[in-house]
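The values are calculated or read from the model by the stated rules, or taken from the named source; none is laboratory data. Since the structure is predicted, the reported quantities are computational estimates derived from the model, not experimental observations. Note that we place each Cβ from the backbone using ideal geometry, even for glycine, and neighbour counts take in every protein chain shown.
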Amino acid sequence: MKSNMARSALRVGLATAVVIGAVALAARWDAGAQQVPPGWTAERMKPIGYSDLDGRGGAFKMAIKEVDGRWYLYMGHLWHRGWSIVDVTDPTAPKLVKFIPHFQANTWTIQMELHDNIMITALQRAQTGWGGDPDKPFDEGVLIWDISDPVNPKKLSHWKTGANGTHRNWYAGGRYMHLAANKPGYQGQIYVIVDIGDPKNPKEVGRWWMPGQHTAGGETSPYPISLHGPPYVVDDMVYLGYGSAVVILDISDVSKPKLVGRLDFSPPFKPGGTAVHGVMPVPGKPLLIANSEAGAEMCQEQLNHTSIVDISDPTKPRLLSLFPLPVPPKDAPFTDFCDKGGRFGPHNLNQEQHLPDVERQGDLVYVTYFNAGLRIYDIRNPRLPKEVAWFVPPTPPTRVGPIPTTKLVTQTEDVLVDRRGNIYITDKQWGLWVLQHTGPGATTTPTGRPGR
């Protein structure tokens, strides 16, 4: 009798739980949550939210800002001209609140940056093969916005390079924005410092370039040189992934940046503008994370790298270790990621460290790896970095943009981790993914859903 009563109570309890779960799920869908696309693979990570950004696949660079308890994620786009603002207060139900269009075609709007109430958005001639037409007009430079109203940015000014525009830039508050800018008479992008103490009247105050870039001054180089950016600024020092080298500059006099140290990565790694794509100092330690950007699809180039550099003597930076290459799951239909199609290799880090709402860099390093998705590495022993978690989005069901060309596969682009522990990634074909790390060392702060 007691057994039957217990079973009956259990059935009632389960039924109640199902009803409560169904009501909660219905509430989420009423709030605009989208279903997470199936087919993803992961280890010690899981998806908790997704947005197709109103059909604008190919989201790109990101920054985040909390205002009065609401969290706003700002992002650029690869295949659409403009910028999205997404409310991620509930990260399980990211909600697009505004798309800000840019009406000049043939222009990249992929890069953006913010701090406090200022946002800067990069404008650049769109590349051929990526939807750009070399014979059509384009917009270039940097737009400077007031975002004191976080969902209604107000344009303050437009600074122009006089050439092809800017790529990935840095603004951490204060007077200066630090740019990877094309300028007339130079090959590739150079480092340019612009004073925006008066944001309606930006003025260039300093520049530095790698020897070989100043073509108008008679300089030449056997291979392309370009600053990818962002220039990573800490006090009076700036750390750059510049062409094939890590470069450290002293900018105590912004009008005359001075070389402090340099570490070349080519040879043995590839030469060119993305041989050292990004750099990021590790707070409290004499270390720098450096990585290249995979360029050629199907690995048809020299080996790419994510590295740790010892900068205990900034005049003599030295290579300390290399991160291990991602390995496919055992049941994958390819033996290594080079055979999967598209690009394989590193691209971006959780680099927006100047933002107060971004998780501080510690023992975990987040790196996007194009067709290998997002990888998380533990660097507690900087001589022996270890992969501890990964997430790979599924194969996109439809093509949004022309890249990749070899096979339609996921190409994870950027990563940002907020201080609640929510991980945001973008992709050339997908919209916005929201993930959680479930392994050791993961941030344990609640996801930030209302009422929690």
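Quick check: anything in the stretch 420-428 surrounded by 24 or more Cβ atoms within 10 Å (Cβ to Cβ) and of a type in the set (Ser, Thr, Tyr)?
Within the stretch 420-428 (the criterion being surrounded by 24 or more Cβ atoms within 10 Å (Cβ to Cβ) and of a type in the set (Ser, Thr, Tyr)), the answer is yes, since at least one residue qualifies.
Taking the options 411, 436, name whichever one is touching a Pro at 6+ places or on another chain (Cβ under 9 Å), at pLDDT 95 or above and surrounded by fewer than 24 Cβ atoms within 10 Å (Cβ to Cβ).
Being touching a Pro at 6+ places or on another chain (Cβ under 9 Å), at pLDDT 95 or above and surrounded by fewer than 24 Cβ atoms within 10 Å (Cβ to Cβ) holds for just one of 411, 436, which is 436.
Got at least one residue in the stretch 70-85 being modelled with pLDDT of 95 or more, polar (S, T, N, Q) and part of a loop (DSSP other than H, G, I, E, B)?
no
Quick one: how many residues across the stretch 63-106 are farther than 21 Å from residue 35 by Cβ and in contact (Cβ under 8 Å) with a residue 12 or more places away in the chain?
Count: 28.
With the condition being within 22 Å of the chain's Cα centre (by Cα), I'd like the strands (runs of 3 or more DSSP E) fully within the stretch 180-275 carrying at least 1 qualifying residues.
189-195, 232-234, 237-242, 245-250
Suppose the filter is assigned to a loop (DSSP other than H, G, I, E, B), of a type in the set (Ser, Thr, Tyr) and either modelled with pLDDT under 95 or closer than 17 Å to residue 324 by Cβ (or both); does residue 395 pass it?
In short, no.
Which condition from (1) closer than 18 Å to residue 431 by Cα; (2) of a type outside the set (D, E, K, R); (3) over 19 Å from the mean Cα position of the chain (by Cα) is the one that residue 94 breaks?
Residue 94 satisfies all of (1) closer than 18 Å to residue 431 by Cα; (2) of a type outside the set (D, E, K, R); (3) over 19 Å from the mean Cα position of the chain (by Cα) except (3).
Could you pull out the residue among 384, 416 that is surrounded by fewer than 20 Cβ atoms within 10 Å (Cβ to Cβ) and out of contact with any Gly (no Cβ under 7 Å at 6 or more places or on another chain)?
The unique qualifying residue is 384.
Just one of 218, 206, 212 is surrounded by fewer than 22 Cβ atoms within 10 Å (Cβ to Cβ), among the small types (Gly, Ala, Ser) and in contact with an Asp or Glu (Cβ under 7 Å, 6 or more places away or on another chain); which is it?
212
In the list 87, 116, which residue meets the criterion of being surrounded by fewer than 23 Cβ atoms within 10 Å (Cβ to Cβ) and within 20 Å of residue 353 (Cβ to Cβ)?
Only one candidate qualifies: 116.
What about residue 375, is it over 16 Å from the mean Cα position of the chain (by Cα), charged (D, E, K, R) and either over 26 Å from residue 420 (Cβ atoms) or in a strand (DSSP E or B) (or both)?
Spelling it out, it is not the case that residue 375 is over 16 Å from the mean Cα position of the chain (by Cα), charged (D, E, K, R) and either over 26 Å from residue 420 (Cβ atoms) or in a strand (DSSP E or B) (or both).
For residue 373, are the conditions met, namely being at pLDDT below 95, touching a Ser or Thr at 6+ places or on another chain (Cβ under 7 Å) and at positive phi?
no
Return yes or no: is residue 316 without any contact (Cβ under 8 Å) to a residue 24 or more places away in the chain and surrounded by fewer than 18 Cβ atoms within 10 Å (Cβ to Cβ)?
Considered against the rule, which asks whether it is without any contact (Cβ under 8 Å) to a residue 24 or more places away in the chain and surrounded by fewer than 18 Cβ atoms within 10 Å (Cβ to Cβ), residue 316 comes out as no.
Could you count how many residues in the stretch 115-168 are hydroxyl-bearing (Ser, Thr, Tyr), modelled with pLDDT of 95 or more and either more than 17 Å from residue 100 (Cα to Cα) or part of a loop (DSSP other than H, G, I, E, B) (or both)?
Total satisfying the criteria: 3.
When you go through 265, 269, 337, 323 one by one, which is the residue that is crowded, with 17+ Cβ neighbours inside 10 Å, in contact with a Phe, Trp or Tyr (Cβ under 6 Å, 6 or more places away or on another chain), over 23 Å from residue 352 (Cα atoms) and among the hydrophobic types (A, V, I, L, M, F, W, C)?
One residue alone meets the criteria, 337.
Would you tally the residues in the stretch 374-392 being basic (Lys, Arg) and farther than 11 Å from residue 326 by Cα?
Qualifying residue count for the region: 2.
If a residue has to be in a strand (DSSP E or B) and either touching a Phe, Trp or Tyr at 6+ places or on another chain (Cβ under 8 Å) or closer than 15 Å to residue 59 by Cβ (or both) to count, how many in the stretch 411-438 make the cut?
16
Report the residue count in the stretch 187-203 for those that are of a type outside the set (Val, Ile, Thr), within 20 Å of residue 255 (Cβ to Cβ) and buried (at least 23 other Cβ atoms within 10 Å of the Cβ).
2
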